[in-house]
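The values are calculated or read from the model by the stated rules, or taken from the named source; none is laboratory data. Note that this is a predicted model, so its numbers are computed, not measured. Cβ: placed from backbone, ideal geometry, glycine included. Neighbour counts: every protein chain shown.
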Amino acid sequence: MGKNFWQAGCLMLLGSTATVAQQFPPPADAPAAGSAQGDVSVTIYNNDVALVQDVRRLSLGNGRVRQSFPDVSAAIRPETVSLVVPDAAIVEQNFDYDLLSPSSLMEKAVGETITLVRTNPATGAETRDRAKVLAVNGGVVIEVNGHVEVLRDDGLPVRAIFDKVPDALRSRPTLSVTLASSRAGTRPATLSYLSRGLGWSADYVALFDDKSGTVEVQGWVTLKNTSGTAFSNAKTLLVAGEVGSSDDNNGNYTPRRRRAARSVPGAESAAREQLGDFYLYPLAERTTLADKQTKQVSFLDAKGVAASSGYRFENAWLGSSDEPRSAQSVLSFSNSGAAGIDDALPAGVVRVYIRDARGQPQFTGENRIEHTPQGSTIALPTGDAFDVKVQPTTVSRVRQGDSRWRTAVRYKLTNARSRAVTVELIQGGLDWGDVRVVEDSAKGERRDAGTYAWQVPVPANGSAVVTTTFDTRY
Amino acid sequence: MLRQLLAAAVLAAAGGATPLRAEPTTVTSAAPDRVSLSVYRAPYGRGAMNLRFLEGFALVTEHRRMRLPRGTAVLRFEGVAEGIVPVSAVIDGLPGGTIEKNRDARLLSPASLVDGTLGRRIMLTRTDKATGRAVSQEAKIVAGPRPGVIVQTAAGIEALRCSGLAEQLGYEGVPAGLSSKPVLSVTTASPAAATVTVRLTYLASGFDWRASYVATLALDGRALDLFAWMTLANGNDEGFHQAEVQAVAGRLNRVAMAIPQEASALRLVCYPLGTTTSDLRERTFEPAEPIESADQIVVTAMRMMAPPPPPAPPPPPPSPEDLGDLKLYRIAAPTTVAARAQKQVALLAQGPVPFERRYRRPVYPGERVDAAPTTIVLVLKNEKKDGLGVPLPAGSTALYAQRASGRLLLGLGVSTDRTIGETFRLAAGVSSQVTVTQVNAASREPVLTTPTAVGSHEAMLTVSNANPFAVTLDVPIGTAGQKIEAEGQEIDRMDGIVTWSPALPPGGRAELRYHY
């Protein structure tokens, strides 16, 4: 792109013949029926970036020609445009966004002469005058037959008719390129640019069967086109990954933080085409991406994937509650080859369904996953359990010295279900100071400086109690 | 001009050079044959629902009979709920599977008509306001719809409706791809022509439900009857006729979704039309008549002078089934959920349920409390042996007393999800008869430790009961785990908080001195 431009600049400096204004036909931006797009390929990334390649057949004359490109994305990033035309070099690229509107039309007519058609409100008789527009500042001041007046000062109907549309005004933002063509003739031109307003994510439907401990996972890629432009019959490629975007270009692009769903990242390679670290999801057939359309295409259908449901409760430091609080319901499964999904999972929303007593799938919650490499274990919180609750209680806080406390905590776990469950009980917030567990009634595990975790079995229609004492120094 | 047209023609030809595929047949399904609706509560909703802004949602399962042709076809689904979350749509039962699913949201509106007709011929009609004579002429839309519309007529270039004349645009037809509502469609390729039943499942916003508990104290005041309505609301424009309706209790995790954009109106902006008098200050006057609000709700029922006893409610549905970690309530018979309507069906009926009446006022050490009133709570154990033992989903509570002269409202409150074995609390109002007073007492002994040390402060609590009956009061002091030393008596901790629970006889009074 840069090279092309410099070549073009050199060509211009070397200076062929002086160009005449007439050799620049005004850009053909009057939208015709149907689209002016050619053979379109769209590559869509996750973070509101898409690469559009559009191969159009252009009929060019010899010498300096101006060519406009209607029907490019309305959300184009004009600074990223590059054009490759055989036997032609680019002299300059313009992106005109001075739009045609009643105000801009009148402003451009300052100093010009327009036609006024006055209508007599009583008789309907029309009289015509030629008027010169003197100024458009808050109102339109005109000169008619040697008098100066304000347009429609009396509120009576007056049609202002302009002779032509000024060349500089466009009905849509328009990309136009001036080319130095070395031969006349029709040839393909490859236009490529980045656009906003095109994005994709994944949507998963996970049907969980508690009895067999399996989940059926369907994956859909969801494309959204809010660019304001339709791309018809486009070759479409989706890239699972984020390219550093120029919007936050301070040289320190940091990937976003992971959200509530937790996963143990895997180390398997999926049998997908890869581009560097990104996985590619090409659509099998050409498709039309209409404006304001959401399109979904299946990419994954896995049955009999081993899965389990569990419970998790995390208590904040000194979290104490006067009533039991629900534990999270967590669905865990793996996308390893052995477990059944056998694919990397692009970021998206997983919706979990369970069949009711009549066999109809019912929704039981959803959560977002990030890009997940193959072989990962995913723990997806889907909601709060109705029947499994935990009541944390700070039993005592005893001062041991200037900056030392001994804190006794009791957790009462209750289970109103008719089968035994195991709750992953986590005490968080232990990394404020030097915190040690002096004693605990069940064997726990210090996961990291901040958390201490227990796996607590709770019998059916029963309860369990865990007590622990922390020794804290600040 | 000619050159422009020529260039456009060349470009159009270039666009047409790409191979065109045969247009697939479109099969439209106007409405579902059978529909099932599972309504989910707003995850953090409390108390009553706001019918104008329902934050819950529903899972809609529709069965539609559709005739599929052989080969590639586009199936359009009409009459889906307005609040559909399009990415959640799942379609089963297609023999040829789903090639792609689309949701098109280019809506037909005044602005999109101009947008879709840009560059094409329209009919511009001017009507003479004096004579009513209409003059039509051909015109072409040159620019629009934002911020104004420019047309090209035989006379030249004009801005629409800036002249003060009555001007009207007439279009040949609706531009392709515009529809009145967003349209959900799937592309499928059937191996043979067939009539199939397609199941369409999707999540839709604009629904909600609550349990509305009505507790009635028996005449003797010792037990109560607990009844609950399932209050469902549908804020969508679509009604669901004779639907299987379920309600799901429990809190689900949801992911925030983008809010769909509105179809746009046509806003015409003209060139500046200020006149020689338009900069004068505008004066406003009081309106002659008060503006009447249109938000009046008409209750279509009549209240008799002596209200008859409430009719026996219909039998409640059987106890809910477990749906994973949620509870699913099924309405036994198919029912119609109308558009923009609230509906109530019986959820449960239990009774008689014994209860304990407690008064409560938490205090903090050091806080000055001056004869503060106490809240009254009826405490129910959600156990089989105590007449309950059913899941109690979150909702609002209303407590009534049955008296010889009629019903009397005692208290209104809210409740969260309560499962079997938990405590269910019914708000029963506020008592000014039972009061709590706390003062900071001067220490009677010389202070031995530093003034900031635990136990160096002293407070005095006084409670009194002006009722002609005995009451039990709970006064939790401070926070969980806090060290509170009562003088002369042993006080238990309740949920980690030191809680003084004196039993007060009629007209009784009690005192507690404590260190903190």
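If you go through the range B:68-101 one residue at a time, how many are farther than 23 Å from A:PHE299 by Cα and either part of a loop (DSSP other than H, G, I, E, B) or within 14 Å of another protein chain (Cβ to nearest Cβ) (or both)? Lay out the reasoning, then the answer.
Of the range B:68-101, the ones farther than 23 Å from A:PHE299 by Cα are B:68-70, B:78-83.
Narrowing the set further to residues that are either part of a loop (DSSP other than H, G, I, E, B) or within 14 Å of another protein chain (Cβ to nearest Cβ) (or both) leaves B:69-70, B:78-83.
Result for the range B:68-101: 8.
Rundown of residues vs (1) part of a strand (DSSP E or B); (2) away from chain B (no Cβ under 14 Å); (3) surrounded by fewer than 23 Cβ atoms within 10 Å (Cβ to Cβ); (4) out of contact with any His (no Cβ under 6 Å at 6 or more places or on another chain), yes/no style:
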position	(1), (2), (3), (4)
A:LEU318	no, no, yes, yes
A:LEU331	yes, no, no, yes
A:VAL349	yes, no, yes, yes
A:ILE354	yes, no, no, yes
A:ASP387	yes, no, no, yes
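Considering only residues of the range B:73-96 that are farther than 16 Å from A:LYS295 by Cβ and of a type outside the set (A, V, I, L, M), which is surrounded by the most Cβ atoms within 10 Å (Cβ to Cβ)? Walk me through it before giving the result.
Taking the range B:73-96 first, the residues farther than 16 Å from A:LYS295 by Cβ are B:73, B:78-83, B:92-96.
Going one step further and asking which of them are of a type outside the set (A, V, I, L, M), we end up with B:78-79, B:82-83, B:92-93, B:95-96.
Working: B:GLU78: 16, B:GLY79: 14, B:GLU82: 15, B:GLY83: 21, B:ASP92: 13, B:GLY93: 12, B:PRO95: 12, B:GLY96: 18.
Of everything passing the filter in the range B:73-96, B:GLY83 is surrounded by the most Cβ atoms within 10 Å (Cβ to Cβ).
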Within 11 Å of another protein chain (Cβ to nearest Cβ) and either basic (Lys, Arg) or without any contact (Cβ under 8 Å) to a residue 24 or more places away in the chain (or both): does that describe B:ARG65?
-> no
List the pairs whose first member sits in the range A:34-52 and is within 14 Å of another protein chain (Cβ to nearest Cβ), whose second member is surrounded by 22 or more Cβ atoms within 10 Å (Cβ to Cβ) and modelled with pLDDT under 90, and whose Cβ atoms are under 6 Å apart, counting only residues at least 6 apart or on separate chains?
-> A:SER35/A:ASP71; A:ALA36/A:PRO70; A:ALA36/A:ASP71; A:ALA36/B:LEU11; A:GLN37/A:ASP71
If the Cβ limit is 8 Å and pairs must be 6+ apart or interchain, which residue in the range A:180-196 that is among the β-branched types (Val, Ile, Thr) pairs with which residue that is surrounded by 16 or more Cβ atoms within 10 Å (Cβ to Cβ) and part of a loop (DSSP other than H, G, I, E, B)?
-> A:THR190/A:VAL85
Which listed residue, of A:GLY197, A:GLY219, A:GLY213, A:GLY228, is more than 10 Å from chain B (Cβ to nearest Cβ) and closer than 20 Å to A:ASP54 by Cα = A:GLY197
Would it be correct to say that B:ALA371 is surrounded by fewer than 18 Cβ atoms within 10 Å (Cβ to Cβ), small (Gly, Ala, Ser) and modelled with pLDDT of 90 or more?
-> yes
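Would you confirm whether any residue within the range A:396-410 is assigned to a strand (DSSP E or B), under 27 Å from B:LEU37 (Cα atoms) and at pLDDT 90 or above?
Keep residues of the range A:396-410 that are assigned to a strand (DSSP E or B), which gives A:396-401, A:404-410.
Subset that is under 27 Å from B:LEU37 (Cα atoms): none.
No, that holds for no residue.
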Yes or no: B:THR435 modelled with pLDDT of 90 or more and touching an Asp or Glu at 6+ places or on another chain (Cβ under 8 Å)?
-> no
In the range A:95-136, what residues are more than 10 Å from chain B (Cβ to nearest Cβ), modelled with pLDDT under 85 and assigned to a strand (DSSP E or B)?
-> A:PHE95, A:ASP96
All but one of (1) at pLDDT below 90; (2) within 14 Å of chain A (Cβ to nearest Cβ); (3) within 30 Å of A:GLN391 (Cβ to Cβ) hold for B:HIS457, so report the exception by its number.
-> (2)
How do the pairs read when you match residues in the range B:389-411 that are acidic (Asp, Glu) with residues anywhere that are in a strand (DSSP E or B) and loosely packed, with under 15 Cβ neighbours inside 10 Å, using Cβ under 6 Å and keeping only pairs 6 or more apart or on different chains?
-> none
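Name every residue in the range A:416-437 that is within 30 Å of B:LEU326 (Cβ to Cβ) and part of a loop (DSSP other than H, G, I, E, B), in order of residue number.
Within the range A:416-437, the subset within 30 Å of B:LEU326 (Cβ to Cβ) is A:416-429.
Across the range A:416-437, the qualifying residues are A:ALA416, A:ARG417, A:SER418, A:ARG419, A:ALA420, A:GLY428, A:GLY429.
Let's see how each residue does on (1) within 11 Å of chain A (Cβ to nearest Cβ); (2) in a strand (DSSP E or B); (3) small (Gly, Ala, Ser):
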position: B:ILE122; (1), (2), (3): no, yes, no
position: B:THR125; (1), (2), (3): no, yes, no
position: B:GLY132; (1), (2), (3): yes, no, yes
position: B:SER136; (1), (2), (3): no, yes, yes
position: B:GLY148; (1), (2), (3): yes, no, yes
position: B:SER163; (1), (2), (3): yes, no, yes
position: B:GLN168; (1), (2), (3): no, yes, no
position: B:LYS181; (1), (2), (3): no, no, no
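A quick yes/no check of all residues on (1) assigned to a loop (DSSP other than H, G, I, E, B); (2) among the hydrophobic types (A, V, I, L, M, F, W, C); (3) modelled with pLDDT of 90 or more:
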residue: B:LEU380; (1), (2), (3): no, yes, yes
residue: B:SER431; (1), (2), (3): no, no, yes
residue: B:LEU461; (1), (2), (3): no, yes, yes
residue: B:ASN467; (1), (2), (3): yes, no, yes
residue: B:LEU473; (1), (2), (3): no, yes, yes
residue: B:GLN482; (1), (2), (3): yes, no, no
residue: B:GLN489; (1), (2), (3): yes, no, no
